[in-house]
Amino acid sequence: MIPSSKLGTHTIPQVGFGLWQVKDQTDLDRSVIAALDAGYRHFDTAQIYGNEAMLGTVLQKADLTRDELFITTKISVQNFRKPTVRKSFEQSLINLQTEYVDLLLLHFPVTGLRKGAWQVLESILADGQARSIGVSNYTVRHLKQLKKYATVMPAVNQVELHVYLQQPELLEYCKQEGIVVEAYSPLAHGKGLDDETLAKLAKKYSKTPAQIMLRWCLQVGAIPLPKSVTPERIVQNIDIFDFKLSAADMTTLSSLDKNMRTCWDPTRVP
Ligand code: A2P
């Protein structure tokens, strides 16, 4: 069993299985089964990924009780109007074949609509259909703005985070506010795994470059959500709890930061 962190009144496993771009039923079934076998209990989907129903079906077949699983989904940008947030979420619950999600996120800081959408998430939380609520792709500026109108602060901010996009100010602000940071694309989408510094550290710790990248996430206090459809990699990506990068090696890894985004850039979103 992998370690968990506290999240409000419940806990969150410290590595999640990312399902972005897993659209094929065979790939999804095979990879989720491999993930469950490897010990993953935390699954991260979204309305826009188009795989909630597939995930719901495969998890139903697993020999686990609902409270052994941690399921996250996210409200898509096109569903941010107040009535649609609730309606689309009800559909997500049907797709996932569950009465609640462990974590519900707003997928993006949509201009003009995010305040109303957050108020609906607060009501979903109060109704017990989400155990925690949070946001994704929010910058410090978006979080500060949310703080002015929120009754409940987000439990989580899920952002792109990896050694090539280290976002120290965002990490610091989230820490101050008690917001857990989740790292999506923690492997920078597979770009940069052949870096020399990573290779040296991989050799030193008898791990792979991917494991060094994921361990870096843990040590900056984030929860990585690696995606893979390859069984050996799925096993490898959760096998990161038996070593610790030294402070000097963490400093060496700081030098890899180059503000490289492989995905959405929310920094200029008003
Ligand atoms: P695949 O799914 O074919 O195994 P990220 O999570 O940062 O978005 O990265 C996902 C990409 O990284 C996918 O292309 C995935 O390939 C690849 N990947 C996942 N785990 C590993 C690993 N341990 N070693 C090398 N590549 C990996």
Next on the checklist: I want to make sure I understand the PRE zone here: with the label point 7 angstrom from the Cα of K191 toward its beta carbon, which residues in segment 232-270 have backbone N atoms less than 17 Å away?
Outcome noted: 256-267
Next on the checklist: Report for segment 122-185 the percent antiparallel among DSSP-assigned beta bridges with both residues inside it, nearest 5.
Outcome noted: 10
Checklist entry - Considering only DSSP beta bridges whose two residues both sit in the chain, what percent are antiparallel, to the nearest 5? => result 15
Checklist entry - In what sequence do L59, L198 fall when counting other Cβ within 10 Å, fewest first? => result L59, L198
Checklist entry - Given segment 4-83, what percent of its DSSP beta bridges are antiparallel, to the nearest 5? => result 45
Item to check | Too-long pairs where the Cα-Cα distance tops 20 Å, listed order kept, from K115/K147; K61/K87; K147/K175; K148/K175; K115/K144 | outcome: K61/K87
Checklist entry - Stretched out fully, how many nm does the piece from S254 to S206 gain, at 0.36 nm a residue minus the Cα gap? => result 15.2 nm
Checklist outcome for this item: In whole Å, largest first, the alpha carbons of segment 146-270 cover along the principal axes 48, 33, 28
Checklist outcome for this item: When the charge dipole of the chain is computed with +1 on Lys and Arg Cβ and -1 on Asp and Glu Cβ about the Cα centre, the Cα farthest towards its positive end, among P3, V58, A126, belongs to A126
Item to check | Amide proton proximity set for S136, modelled H, under 5 Å, gap of 5+ | outcome: L106, F108, Q158
Checklist entry - Between the DSSP loop rule and a limit of at most 16 other Cβ atoms within 10 Å, which trypsin sites (Lys or Arg not before Pro) in segment 12-60 are left? => result K23
Checklist entry - If only Cα atoms are counted, what is the Rg of the chain, and what is its Dmax, in Å? => result 17.8, 54
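A short reminder: the numbers here are calculations on the coordinates, not readings from a lab. Keep in mind that what you see is a predicted model, and the values were worked out from it rather than measured. Backbone-built Cβ (ideal geometry, glycine too); neighbour counts: all protein chains shown.
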